[in-house]
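All of the numbers you see were taken from the coordinates with simple rules; none came from a lab. Please read these numbers as outputs of a predicted model, since none were measured by experiment. A quick note on method: Cβ atoms are made from the backbone with ideal geometry, for glycine too, and the neighbour counts reach across all protein chains shown.
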Amino acid sequence: MAKVKYEYALGNHVYQFAVILFDGSVVPYQVTFERDLYVDRSNVTLLNFYEGDDNKYFCLDVKETVIRIFNTFFGMFPYEKVYFETDLSHKRNYFKLMKFIRWAEAHSKTYNLIVDVVNKPGVYYAYITITKK
Amino acid sequence: MLFTANNIFLFFRLYSVLLQPFLKAQPKDLFKTKKTVEMETTAADMVQLCAYLDRAGANYTIDTNPSEEKVGKIKQAIARKNQLIKEAINSFKTNGISVSF
């Protein structure tokens, strides 16, 4: 189980952790909850420092720790609305979203998942909001 | 006869053609990694996504005719996010993070 380091910096809740893969390499990750200034909601990002945007979510430890981070965040702010948007025109983002839905499927009793899909030929976006039940 | 001069000549000629890229290529070229190709989603993929959302029991809405404002806002948000990711990676490269195991 990866240890999580929590920081509250510039109004953002930053969680950092590192995962050891099977080949022995260490990959640091960061989950950031950024509060919007005008709207009552927070933007969430999962960032892999080595790969940049091309994250590899194959490690089970990552899934487990991200869910743990979500649980702790919603423990502190139970009425918070968390959201993120993705550009689905790239296939990697499309598969990432599929994987995220699969993650969220197991926690459908505790969390509400609302997906707003923009489906116009050539313009594919998804806007996902997560709230606690 | 199998090992005639003509047959041996043909054999070497054939194999020299087949092995030409390997004989000419330097070791660096042989181990070149392939470039990743960005695949684009299609309308069929979006239908599949909606079916998957149905199966998962998630609440979802589909906007087939979005306004330009909405698309512009989402594009802006994604561009800003990418910029923040770049900044975070640059700060990681310079400062690093201290995470204990």
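Among A:Arg35, B:Arg80, a tally of other beta-carbon atoms within 10 Å of each Cβ gives an order, fewest to most, of B:Arg80, A:Arg35.
Comparing A:Phe95, A:Phe84, A:Phe73 in a Gaussian network model of chain A where C-alpha atoms under 10 Å apart are linked, the largest mean-square fluctuation is found at A:Phe95. Across the options A:Ser42, A:Phe17, A:Val123, the greatest Cα extent toward the positive end of the charge dipole of region A:4-132 (unit charges at beta carbon of Lys, Arg, Asp, Glu) belongs to A:Val123.
Remark on A:Asn112: its backbone amide H falls under 5 Å from those of A:Thr131, A:Lys132, A:Lys133, a criterion applied only to residues 5 or more positions apart or on other chains, H modelled at 1.01 Å from N.
Each other residue within a Cβ distance under 14 Å of A:Leu10 adds +1 if Lys or Arg and -1 if Asp or Glu, for a net charge of -3. The alpha carbons of chain A give a radius of gyration and a Dmax of 15.0, 45 Å, in that order. Converting phi to 3J(HN,Hα) with the Karplus coefficients 6.51, -1.76 and 1.60 and the offset θ = phi - 60°, region A:30-46 yields 9, 10, 10, 10, 10, 7, 6, 7, 9, 9, 7, 6, 10, 9, 10, 9, 10 Hz in sequence order, with x at every glycine or proline.
Exposure proxy for A:Tyr124, A:Tyr50: other Cβ atoms within 10 Å of each Cβ, ordered fewest to most, give A:Tyr50, A:Tyr124. Charged neighbours of A:Lys120, selected by a Cβ distance under 12 Å, balance to -1 (K, R count +1; D, E count -1).
Give, as a single signed number, the net charge of other residues whose beta carbon lies under 10 Å from the beta carbon of A:Thr110, with Lys and Arg counted +1 and Asp and Glu -1. Taking every other residue near A:Thr110 into account, the sum is +3. Look at the alpha carbon pairs under 8 Å that are at least 6 residues apart: their mean separation over the length of region A:4-132 gives a relative contact order of 18 percent.
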